[in-house]
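Structure incoming, see below.
The values are calculated or read from the model by the stated rules, or taken from the named source; none is laboratory data. Just so you know, these numbers come straight off a predicted model, no measurement behind them. Neighbour counts run over all protein chains shown; Cβ positions are idealised from the backbone, glycine included. Keep in mind that these areas ignore ligands, DNA and RNA; they rest on the heavy atoms of the full protein, side chains included. Shrake-Rupley method; radii C 1.70, N 1.55, O 1.52, S 1.80 Å.
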Amino acid sequence: MRGAVLHAPGDVRVEDRPDPTIEKPTDAVIRLAATCVCGSDLWPYRGIEDVAGPAPMGHEYVGVVEEVGNEVRDIRPGQFVVGSFFASDNTCEICRAGYQPSCPHAEIMGTLGAQAEHLRVPLADGTLVATPDTPSPDLLPSLLAASDVLGTGWFGAVAAEAGPGKTVAVVGDGAVGLLGVLAAKQLGAERIIAMSRHESRQQLARHFGATDIVTERGDEGVARIKDMTNGFGAHSVIEAVGTQESMMQAIDSTRPGGHVGYVGVSHDVSLPGLPLFFSHVHLHGGPAPVRRFLPELIDLITRREIDPGRVFDLTLPLDEAAEGYRAMDERRAIKTLLTP
């Protein structure tokens, strides 16, 4: 099969890879209907994360089940499925508590390479969720978004305790931040402030429910948020970048007693103990438990109540994956959808 492989920073090639097969009795193999490039894929692409030799890429996926292992009970060939970027058994007490990425049997799907024509999915019964029927093609982008960026933005909003009567600020205007705006709106937030300097992203944020746009960053951004909230800061802040500056901007924009939901993949972030101690700010986040939210998100999408697929502003055939990476790296695209 064809699949995207990162050989070195800036060097993505689509080449022949071995067809996936059932390796464990709990596996499934799916034929991918759509996959995509994630903002987190740009960290190794830019050389910020090490690449140990040629590495298959991609962890977001939707498709049709072709084969299952003999211990798979709930997922059947022919079903259209959406999966999380972490495989999990979804039966242990950690999974039942809603934290599937910390399942003792969890596997990172990115190591298997979902930017391809086919994909082996471990722990299929726990990882995959079937749609009610075969979705129409126009729903594929939104269902694909549910595999990661929608579920991650949703977790950011839930972790930040966004809800009725709350002012929510969102740090980061990539796909996760934009879908954090959508999630905050769905959860009933009264005011949603998107922090963005890019007009096209500002427009999409407003489409998803942002009531205000703040273009300032860092200390200036914090000051602007406080000016808008009677000097207190937002009740809820979603951090969707993962840098030192974005994390401190999120914490400092939060009022005492407020909540930060941090879902940006952390890179060289360190927190100052004493200021954090006196801030009375709650911090919660980490790898999003997408599997927790998938049934609800699939339902909202198939009933056409939300349209998260709008974050895909570039669609390319799989063989042009390298251009998809370049476009996102150069901020010519928010998110690239790849069609196998």
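In nm, give the distance between the simple-model label positions of Val51 and Ala130, each being 7 Å from the Cα along the Cα-to-Cβ direction.
Between Val51 and Ala130, the simple spin-label model gives 3.8 nm.
Could I ask something else about it? Hey, what do the phi angles of region 287-304 turn into as Karplus ³J(HN,Hα) couplings, whole Hz, using 6.51/-1.76/1.60 and θ = phi - 60°, x for Gly and Pro?
Values per residue, Gly and Pro as x: x, 5, x, 4, 4, 4, 9, 4, x, 5, 5, 4, 4, 4, 6, 5, 8, 6 Hz.
On average over all directions, what projected area in square nanometres does the chain have, based on the convex hull of its Cα atoms?
Details: hull surface 64.2 nm².
Answer in nm², one decimal: 16.0.
Within 10 Å, count the other beta carbons around each residue, average over each peptide in 8-17, 265-274, and list them highest first.
Numbers: 8-17: 14.5, 265-274: 12.0.
Packing proxy ranking, top to bottom: 8-17, 265-274.
As I understand it, the dipole of the chain uses +1 on the Cβ of Lys and Arg and -1 on the Cβ of Asp and Glu, about the Cα centre. Which of Pro104, Thr91, Gly231 lies farthest toward its positive end?
So the residue we want is Gly231.
Right, something else. Which of the peptides 66-78, 207-219 is most tightly packed, and how do the rest follow, going by the mean number of other Cβ atoms within 10 Å of each residue? Don't skip to the end; give the middle numbers.
Numbers: 66-78: 14.8, 207-219: 17.0.
For the peptides 66-78, 207-219, the packing ranking is 207-219, 66-78.
I've got another one for you. Just the accessible area per residue of region 71-121, please: how many Å² with a 1.4 Å probe?
Values: 2310 Å² over 51 residues.
That works out to 45 Å² for each residue.
Here is a further query. Residue by residue, what Karplus-based ³J(HN,Hα) values in Hz, rounded to whole numbers, does region 83-89 have, using 6.51, -1.76 and 1.60 with θ = phi - 60° and x for Gly and Pro?
x, 7, 7, 10, 7, 8, 6
Sorted by average packing, counted as other Cβ atoms within 10 angstrom per residue and highest first, what order do 323-335, 28-40 take?
Numbers: 323-335: 18.8, 28-40: 24.5.
Order by mean packing, descending: 28-40, 323-335.
Find how many whole Å separate the alpha carbon centroid of region 64-95 from the alpha carbon centroid of region 128-169.
19
Can you give the charge dipole size of the chain about its Cα centre, rounded to the nearest 20 debye, using +1 on the beta carbon of Lys and Arg and -1 on the beta carbon of Asp and Glu?
Values: 29 positive and 45 negative charges, 167 e Å.
With Lys and Arg at +1 and Asp and Glu at -1, about 800 debye.
Separation of region 320-340 and region 225-254 by C-alpha centroid, Å?
29
Which sequence of Trp43, Trp154 reflects their accessible areas, 1.4 Å probe, from the largest down? Numbers along the way, then the final one.
Working: Trp43 45, Trp154 5 Å².
Descending accessible area places them as Trp43, Trp154.
Tell me which residues come under 5 Å, amide H to amide H, from Val62 once H is placed; ignore anything under 5 positions away on its chain.
So Val62 has HN proximity to Ala33, Ala34.
Okay, moving on. Projecting each Cα onto the charge dipole of the chain (Lys/Arg +1, Asp/Glu -1 at the beta carbon, about the Cα centre), which of Val269, Ile301, Val149 comes out farthest on the positive side?
Positive-most Cα among the choices belongs to Ile301.
Between Tyr262 and residues 5 or more places away or on another chain, which pairs have amide H atoms under 5 Å apart, with H built 1.01 Å from N, and which residues are they?
Glu239, His284, Gly285, Gly286
Size of the dipole of region 150-203 about the Cα centre, Lys and Arg at +1 and Asp and Glu at -1 on the beta carbon, nothing else charged, in debye to 20?
On the way: 5 positive and 4 negative charges, 10 e Å.
Value, rounded to 20: 40 debye.
Further, regarding this structure: Ignoring ligands, DNA and RNA, what percent of the 1.4 Å accessible area of the chain is carbon and sulfur? The partial results should precede the final answer.
Values: 6980 of 14130 Å².
Answer for the chain is 49 percent, counting heavy atoms of protein chains only.
Is the shape of region 192-234 best called rounded, prolate or oblate, per the rule: a/c under 1.5 gives rounded, else a/b larger than b/c gives prolate, else oblate, with a ≥ b ≥ c the square roots of the Cα gyration tensor eigenvalues?
Details: a/c = 3.76, a/b = 1.61, b/c = 2.33.
Because a/c hits 1.5 or more and a/b fails to exceed b/c, region 192-234 counts as oblate.
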